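Have a look at this one.
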Protein chains: 2
Amino acid sequence: MNNRRQKEIPSPVIRRVSKYLIHIERLEEKGRKWVSSKDLADALGLTRSTVRMDVSYLRVSGVSKRGYAVEKFRKTVAKFLGVHKGCKVIIVGAGNLGRALALHKAFAQKGFKIGGIFDSDSGLLNEKVGSLRIRSMDTLSQVVRRQKIRLAIIAVPAQAAQEVADKLVQAGVRGLLNLACADLIVPNSVAVIESRIAMDLRELCCAVRMRE
Amino acid sequence: MNNRRQKEIPSPVIRRVSKYLIHIERLEEKGRKWVSSKDLADALGLTRSTVRMDVSYLRVSGVSKRGYAVEKFRKTVAKFLGVHKGCKVIIVGAGNLGRALALHKAFAQKGFKIGGIFDSDSGLLNEKVGSLRIRSMDTLSQVVRRQKIRLAIIAVPAQAAQEVADKLVQAGVRGLLNLACADLIVPNSVAVIESRIAMDLRELCCAVRMRE
DNA sequence: TAGATTGTTAATCGATTAACAATC
DNA sequence: TAGATTGTTAATCGATTAACAATC
């Protein structure tokens with residue numbers, strides 16, 4: 001593909017690193033100063049080797065016998081993931097799920113700010129969701145440009161998902177979190193993470209059967 | 001581990017198979033009778049080899065030159081995943097997210113039925129969410145036993161997640177879908193799928209940065 | 001110092017892809 | 001028949017784990 005500033009990171013590593021961050025944040029709250037690869041491995045059910053390999057992708061250097069400095073680790077990981085206070089996200093779809101996410105406290109806690117909620121149903125226009133007002137899809141592109149929004153959550157029914165994705169991509173959004181049960185086709189330059197709860201449930205169903 | 005009836009299936013396979021099911025269901029609605037490994041591979045961005053290997057784990061046999069019979073494929077995959085009409089799930093946590101999921105239409109469409117919604121806040125007791133009433137945590141174990149519930153969705157704040165998981169496990173639930181930003185510790189006999197939207201957003205953040 | 005832990009290289013393991021005979 | 005597709009085995013690729021010297 002195109003030449004990247006960053007070394008190519010395997011996606012299992014990224015997934016684990018975002019788990020490390022959650023864990024490290026909790027340790028920091030508790031006042032812990034140091035964490036070792038063994039601590040992390042035990043807490044997350046991994047091997048020490050895996051943790052150390054993952055850490056080697058970051059620019060965190062550890063100290064023999066003590067491990068990694070918690071605060072520095074947390075800062076470096078947050079920077080690595082591109083997470084910073086006030087990273088803005090918009091939500092498309094103001095149904096039950098879209099509204100719930102707009103009000104979801106964990107987002108703010110994890111550094112995200114909801115930059116707007118949109119719906120194609122003009123009956124919902126201007127209705128309040130927390131401190132936000134539901135906006136029309138016509139204003140989407142303008143909002144994305146003005147506020148320099150890069151991330152969007154798709155919380156619309158499956159049939160509408162592709163059309164919404166197209167609009168978002170055209171408006172310049174760079175990453176989509178897809179909650180709809182639909183496979184999205186997007187240009188290579190746009191990242192998509194699937195988070196389809198109904199699909200997860202099916203996977204769970206299967207996992208349960210496997211261990212019976 | 002314990003001896004299983006089923007051959008051990010790699011989890012990437014399970015994840016892909018649940019994607020096949022979504023796709024196949026749509027094809028069936030459209031009246032398609034046959035689907036080939038090439039069709040599936042193209043639709044989901046995989047190689048034909050991968051699709052055929054995955055299919056070989058199922059008990060679907062294909063026909064040279066035509067591929068797989070759509071209806072039979074769909075039925076076999078649904079059975080393989082353990083998904084059947086009316087598979088019951090309970091939701092713990094009647095905050096924004098829990099309520100939204102209780103009302104979420106995609107669940108019913110995908111064969112799941114919400115068997116109850118629970119919250120520890122007695123102020124919410126008996127409040128209506130769609131056709132359900134919010135129940136107290138004290139009744140959880142009874143409901144799980146009577147209705148033979150095997151799956152639960154955890155939609156409570158991170159601090160409460162482990163306690164809720166313990167209660168669910170004790171009540172006899174076999175699979176947990178965790179929406180809380182907390183790492184759950186459960187016995188090996190219980191399956192856990194993580195579906196933490198805030199974490200997914202962070203992963204997305206990172207993915208976006210990678211391709212800049 | 002002795003012991004614990006990092007950082008990195010090499011070995012292992014498993015998943016994906018390629019290849020191809022069998023089949024319709 | 002010729003061509004397309006399955007089903008399976010072998011080759012490749014990449015991720016995980018093990019091992020160990022360096023370090024504090």
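For a quick check of your reading: which helices (runs of 4 or more DSSP H) sit entirely within the range B:94-161 and have at least 1 residues that are out of contact with any Asp or Glu (no Cβ under 6 Å at 6 or more places or on another chain), more than 11 Å from chain A (Cβ to nearest Cβ) and surrounded by fewer than 20 Cβ atoms within 10 Å (Cβ to Cβ)? If you could, list the steps in order and put the result at the bottom.
Details: elements: B:96-103, B:105-109, B:140-147.
Per the criteria, B:140-147.
Out of curiosity, is B:R52 part of a loop (DSSP other than H, G, I, E, B), under 19 Å from B:I9 (Cα atoms), under 25 Å from the mean Cα position of the chain (by Cα) and among the basic types (K, R)?
Details: part of a loop (DSSP other than H, G, I, E, B): no; under 19 Å from B:I9 (Cα atoms): yes; under 25 Å from the mean Cα position of the chain (by Cα): yes; among the basic types (K, R): yes.
For B:R52, the condition - part of a loop (DSSP other than H, G, I, E, B), under 19 Å from B:I9 (Cα atoms), under 25 Å from the mean Cα position of the chain (by Cα) and among the basic types (K, R) - is not met.
A:D39 versus (1) more than 11 Å from every other protein chain (Cβ to nearest Cβ); (2) more than 11 Å from DNA strand D (Cβ to nearest atom); (3) out of contact with any helix residue (DSSP H, G or I) (no Cβ under 6 Å at 6 or more places or on another chain); (4) not in a helix (DSSP H, G or I): which is the lone unmet condition?
It fails just one condition, (4).
How many residues are near DNA strand C (Cβ under 10 Å from one of its atoms) and under 24 Å from the mean Cα position of the chain (by Cα) if we restrict to the range B:55-77? It would help to see each step written out before you state the result.
In the first step, residues of the range B:55-77 are kept if they are near DNA strand C (Cβ under 10 Å from one of its atoms); the result is B:56, B:61-66.
Those still in the list that are under 24 Å from the mean Cα position of the chain (by Cα) too: B:56.
Counting residues in the range B:55-77 that are near DNA strand C (Cβ under 10 Å from one of its atoms) and under 24 Å from the mean Cα position of the chain (by Cα) gives 1.
Shifting gears a bit: Working carefully through the options B:R15, B:R26, find the one that is without any contact (Cβ under 8 Å) to a residue 60 or more places away in the chain, more than 13 Å from DNA strand D (Cβ to nearest atom) and within 30 Å of B:V144 (Cα to Cα). Give the derivation first.
Values: B:R26 fails: within 30 Å of B:V144 (Cα to Cα).
Within the list B:R15, B:R26, the selection yields B:R15.
Turning to a different aspect of this structure: If A:K167 satisfies all but one of (1) away from chain B (no Cβ under 14 Å); (2) assigned to a strand (DSSP E or B), what's the number of the condition it fails?
(2)
For the range A:5-36, give me each residue that is polar (S, T, N, Q), part of a loop (DSSP other than H, G, I, E, B) and surrounded by fewer than 17 Cβ atoms within 10 Å (Cβ to Cβ). Don't jump to the end; show me each part of the working.
Filtering the range A:5-36 down to residues polar (S, T, N, Q) leaves A:6, A:11, A:18, A:36.
Pick out the ones that are also part of a loop (DSSP other than H, G, I, E, B) and you get A:6, A:36.
Correct list: A:Q6 only.
Here's a follow-up. Considering each residue of the range A:170-212, count those that are of a type in the set (D, E), facing chain B (nearest Cβ under 7 Å) and more than 24 Å from B:L101 (Cβ to Cβ), and give that number. Break it down stepwise before answering.
Looking only at the range A:170-212, we keep the residues that are of a type in the set (D, E), and these are A:183, A:194, A:200, A:203, A:212.
Filter again for facing chain B (nearest Cβ under 7 Å), leaving A:183, A:200, A:203.
After this cut, where a residue has to be more than 24 Å from B:L101 (Cβ to Cβ) as well, the list is none.
Here the count works out to 0.
Which one of the conditions (1) part of a helix (DSSP H, G or I); (2) more than 16 Å from DNA strand C (Cβ to nearest atom); (3) surrounded by 17 or more Cβ atoms within 10 Å (Cβ to Cβ) does A:F80 fail to meet, given that it meets all the rest?
Here A:F80 meets the rest and fails (2).
Taken together, the values in this text are just the output of simple stated rules run on the coordinates, not laboratory data. Keep in mind that what you see is a predicted model, and the values were worked out from it rather than measured. Quick reminder, even Gly has a Cβ in these numbers, built from the backbone with ideal geometry, and neighbours come from all protein chains shown.
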